[in-house]
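The values are calculated or read from the model by the stated rules, or taken from the named source; none is laboratory data. The model shown is predicted, which means the values in this text are computed figures rather than measured ones. FYI the Cβ positions are ideal-geometry reconstructions off the backbone, even for glycines, and counts take in every protein chain you see. We work out accessible area using only protein heavy atoms, side chains counted, and drop any ligands, DNA or RNA first. Shrake-Rupley method; radii C 1.70, N 1.55, O 1.52, S 1.80 Å.
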Amino acid sequence: MATYDTIGATYADTRRPDPRIAATIHQALGNAASVINVGAGTGSYEPPRTVLAVEPSSVMIAQRPAGSAPALEAAAESIPLADNSADAAMALLTVHHWSDLEAGIGELRRIARQRIVILTFDPDINRRFWLLEEYLPEAAALDGTRAVAVEQLAALLGGARIETVPVPHDCTDGFLAAFWRRPEAYLDPEVRAGISLFAQTSEKVLQPGLARLSDDLSCGRWHQRHADLLHREALDAGYRLLLADL
């Protein structure tokens with residue numbers, strides 16, 4: 001919660017839901033007539049059938065748009081709701097922030113009647129993202145301490161289908177790998193302010209890598225090294241959607 005009380009101030013500006021990713025998530029929810037969004041943040045990707053958002057940060061809740069589903073200030077590990085409270089529960093890019101993963105997944109299974117949908121990332125693929133591998137390996141190592149293996153999540157869910165979520169080259173949601181074809185964005189403090197890896201890593205660790213990135217962009221070295229990315233429409237950066245039927 002402390003992380004998002006800090007980075008949440010500009011979250012609604014830099015983390016606007018991408019319509020293509022939204023379509024994937026909403027399709028995954030299937031015919032669920034009621035949805036609870038756990039670790040909901042500012043409400044990105046909530047479908048109209050969302051009946052409640054669960055979010056521990058008051059800073060994030062304050063940025064939810066008018067007309068959003070009501071929000072309950074609570075942690076995923078202890079949700080004060082009755083069993084089987086909604087047809088589906090969803091948790092998007094949040095499980096790696098939970099203090100007790102097993103408790104949080106247990107709560108999702110308890111409050112959902114039919115389906116659970118989780119958007120997360122595969123740490124084995126994510127850490128090979130060029131920004132982390134070439135420029136910020138120390139930050140990646142620190143971030144990796146909270147990463148959750150997709151296979152572990154699937155097991156905790158009692159089995160789940162796993163789908164790849166490609167990142168469009170013009171993704172509007174500024175999560176870590178969103179700017180894979182727009183590297184200059186990572187030099188923008190406002191962009192970095194909305195990404196938890198940057199918020200949780202000291203400037204002492206970040207600045208040498210960011211300085212190298214700036215130099216490589218200025219001299220054209222980055223574009224030469226990553227010429228294969230410049231005409232791609234989407235990239236598999238490790239983001240995965242897990243669908244579990246109960």
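For region 60-90, a tally of residues being more than 13 Å from residue 108 (Cβ to Cβ), in contact with an Asp or Glu (Cβ under 7 Å, 6 or more places away or on another chain) and of a type in the set (D, E, K, R) returns 1.
Quick one: is residue 177 touching a residue at least 60 places away in the same chain (Cβ under 8 Å), hydrophobic (A, V, I, L, M, F, W, C) and over 14 Å from residue 130 (Cβ atoms)?
Working: touching a residue at least 60 places away in the same chain (Cβ under 8 Å): yes; hydrophobic (A, V, I, L, M, F, W, C): yes; over 14 Å from residue 130 (Cβ atoms): no.
Taking the combined requirement at face value, the residue does not satisfy it.
Which ones in region 224-246 are of a type in the set (Asp, Glu), in a loop (DSSP other than H, G, I, E, B) and open to solvent by less than 90 Å² (accessible area, probe 1.4 Å)? Talk me through it step by step, then tell me what you get.
Our first condition is that a residue be of a type in the set (Asp, Glu); within region 224-246, this holds for 228, 233, 236, 245.
So of that shortlist, the ones also in a loop (DSSP other than H, G, I, E, B) come out as 233, 236.
Answer for region 224-246, where residues must be of a type in the set (Asp, Glu), in a loop (DSSP other than H, G, I, E, B) and open to solvent by less than 90 Å² (accessible area, probe 1.4 Å): just 236.
Among the residues making up region 133-187, those that are of a type in the set (Asp, Glu) and either buried (at least 18 other Cβ atoms within 10 Å of the Cβ) or farther than 17 Å from residue 217 by Cβ (or both) are 138, 143, 151, 163, 170, 173.
When restricted to residues that are in a loop (DSSP other than H, G, I, E, B) and at negative phi, region 19-36 contains 5.
Do we have residue 115 as closer than 30 Å to residue 216 by Cβ, not in a helix (DSSP H, G or I) and not aromatic (Phe, Trp, Tyr) here? When the stated conditions are applied, residue 115 does not pass them. Checking each residue in region 212-223 for being open to solvent by less than 40 Å² (accessible area, probe 1.4 Å) and free of Cβ contacts under 8 Å to residues at least 12 places away in the same chain picks out 216, 220.
Close contacts from region 142-168, counting a first residue that is over 15 Å from residue 121 (Cβ atoms) and assigned to a helix (DSSP H, G or I) and a second that is of a type in the set (Asp, Glu) and open to solvent by 10 Å² or more (accessible area, probe 1.4 Å), with Cβ to Cβ under 9 Å and a gap of 6+ residues or different chains, come to 156/102.
Exactly one residue out of 40, 75, 91 is in a loop (DSSP other than H, G, I, E, B), in contact with a strand residue (DSSP E or B) (Cβ under 7 Å, 6 or more places away or on another chain) and under 28 Å from residue 147 (Cβ atoms), and it is 40. Summed over region 19-59, residues that are farther than 21 Å from residue 111 by Cβ, out of contact with any Phe, Trp or Tyr (no Cβ under 9 Å at 6 or more places or on another chain) and not β-branched (Val, Ile, Thr) total 5. Only one of the numbered conditions (1) farther than 15 Å from residue 165 by Cβ; (2) of a type outside the set (Gly, Ala, Ser); (3) part of a strand (DSSP E or B); (4) open to solvent by less than 10 Å² (accessible area, probe 1.4 Å) is not met by residue 108, and that is (3). The residues in region 22-61 that are within 19 Å of residue 177 (Cβ to Cβ) and either open to solvent by less than 10 Å² (accessible area, probe 1.4 Å) or modelled with pLDDT under 95 (or both) can be counted, and the count is 3. The single condition among (1) of a type in the set (Lys, Arg); (2) closer than 30 Å to residue 118 by Cα; (3) at pLDDT 95 or above that residue 192 does not satisfy is (3). Put simply, of 158, 144 the only residue that is touching a Lys or Arg at 6+ places or on another chain (Cβ under 8 Å) and within 30 Å of residue 212 (Cβ to Cβ) is 144.
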